[in-house]
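Below is one structure; the comments refer to it alone.
The values are calculated or read from the model by the stated rules, or taken from the named source; none is laboratory data. These numbers were taken from a predicted model, which means no experiment stands behind them. Glycine also receives a Cβ, built like all others from the backbone with ideal geometry; neighbour counts cover every protein chain displayed. When the accessible area is computed, the model is the full protein with side chains, heavy atoms only, and any ligands, DNA or RNA have been set aside. Shrake-Rupley method; radii C 1.70, N 1.55, O 1.52, S 1.80 Å.
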Amino acid sequence: MSLPDRQPPRRRIAIGNWKMNKTVSEAVSFVREVSGALSGDHGIEIWVAPPFTALAAVAAALEGTRVGVAAQNLFWEERGAYTGEVSPSQLAEAGARAVLIGHSERRSLFGETDEGVARKLRAALDHELMPVVCIGETLDQRTAGDMEAVISSQIAKGLEGGTPVPAGRLVMAYEPVWAIGTGRVATAGQIAEVHRLIRDRVSAILGAEASGTPILYGGSVTPDNIVELAGIDELDGVLVGGASLKSDSFARIVRGLAGAAEIK
Ligand code: PGA
């Protein structure tokens with residue numbers, strides 16, 4: 001596989017995906033703690049993704065800090081009869097500047113498809129929300145030797161919605177389904193292989209200027225494995241679930257990614 005050169009400067013990104021955890025008051029006290037713990041300049045883009053209910057309060061609590069606010073999902077329509085859904089402009093006004101799209105829990109538990117991912121991607125771009133497109137294979141797919149086909153298809157269908165994606169606006173996250181919440185982290189070799197594949201496919205669809213697209217890894221990232229993960233050349237950052245819920249643990253992951261602190 002021939003790979004396009006990556007464009008410097010390289011971004012390093014850590015996102016805490018809280019999933020369906022934390023009330024508004026819990027969320028606000030958490031971000032106060034974490035933004036204090038991360039006040040130094042680590043050179044890392046730091047994001048938290050609270051539930052919808054806490055977005056506005058978290059955004060207000062983080063104003064003036066280096067920590068950004070991401071939503072965990074969005075709907076592509078602007079308004080209307082879509083009970084239970086949240087529009088891109090509602091998210092933006094609540095203070096979100098990024099959004100997770102196509103997380104595997106959305107796909108497996110709520111029936112999201114690659115076609116839906118493409119529509120959500122377009123909606124996020126139209127509303128200046130940084131899209132974080134999540135892809136990944138199941139264990140059965142990997143065991144059957146289908147990883148490459150699955151990842152390639154998720155990218156092709158998810159990104160080819162007819163919308164040009166401006167360079168620098170997209171973030172991809174590789175989250176093998178078998179590594180999410182299982183304590184079973186992918187190996188460095190597996191991550192490097194898939195991240196190279198993602199970079200190749202994204203560049204093939206979006207053009208060489210997309211070769212610098214940051215590619216995050218997610219799936220059982222912890223303070224104990226972040227140093228090894230941070231050493232993988234193809235990895236630009238991490239999407240962290242369970243270990244992002246405690247401020248100390250999330251701060252250690254950010255510092256580990258930065259290589260700025262010793263992880264004990
Ligand atoms: P985990 O979740 O870190 O708890 O494995 C990652 C994710 O689902 O984004």
> Would you list TYR217, TYR82 from the most to the least accessible area, probe 1.4 Å?
Replying inline: TYR82, TYR217
> Taking a probe of 1.4 angstrom, what is the accessible area of GLU128 in Å², to the nearest 10?
Replying inline: 130 Å²
> What shape does the stretch 8-88 have by the C-alpha gyration tensor, where a ≥ b ≥ c are the square roots of the eigenvalues, rounded means a/c under 1.5, and otherwise prolate means a/b greater than b/c and oblate the rest?
Replying inline: oblate
> Given R₀ = 22 Å, FRET efficiency for GLU78-PHE52 by Cβ-Cβ distance, to 0.05?
Replying inline: 0.85
> Of the heavy-atom accessible surface of the stretch 86-170 (probe 1.4 angstrom), what whole percent is carbon and sulfur?
Replying inline: 50 percent
>> I want to check the label-to-label distance for GLU93 and THR65. Put each point 7 Å from Cα in the C-beta direction and report it in nm to one decimal.
In response: 2.5 nm
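Highest first, please rank the peptides 149-159, 96-106 by the mean number of other Cβ atoms sitting within 10 Å of their residues.
Peptide ranking by packing, descending: 96-106, 149-159.
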> Cα gyration tensor of the stretch 1-142, axes a ≥ b ≥ c as square roots of the eigenvalues: rounded (a/c below 1.5), prolate (a/b > b/c) or oblate?
Replying inline: oblate
> Reported to two decimal places, what Rg/Rh ratio describes the chain when computed on Cα atoms with Rh from the Kirkwood expression?
Replying inline: 0.94
> Taking the chain, how many lysine pairs are there with alpha carbons less than 28 Å apart, if each pair must be eight or more places apart or span two chains?
Replying inline: 9
>> Can you give me the accessible area per residue for the stretch 206-264, using a 1.4 Å probe, in Å²?
In response: 36 Å²
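Taking 0.36 nm per intervening residue step and subtracting the Cα-Cα distance, what contour gain separates ALA208 from ALA167 on full extension?
13.8 nm
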> With a ≥ b ≥ c the root eigenvalues of the C-alpha gyration tensor of the stretch 117-215, is it rounded (a/c under 1.5), prolate (a/b larger than b/c) or oblate?
Replying inline: prolate
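Taking loop as defined by DSSP and a crowding limit of 15 other beta carbons within 10 Å, which trypsin sites (Lys or Arg not before Pro) in the stretch 197-259 fit?
LYS246
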> Full extension from ARG10 to ASP224: what is 0.36 nm times the residue separation minus their Cα-Cα distance, to one decimal in nm?
Replying inline: 74.6 nm
> Using a 1.4 Å probe on the protein chains only, how many percent of the accessible area of the stretch 174-232 belongs to carbon and sulfur?
Replying inline: 50 percent
>> Could you give the length gained by full extension between THR113 and ARG32, i.e. 0.36 nm per residue of separation minus their alpha carbon distance, to one decimal place?
In response: 25.6 nm
>> Below 12 angstrom from the Cβ of TRP18, what's the summed charge of the other residues (Lys, Arg +1; Asp, Glu -1)?
In response: +2
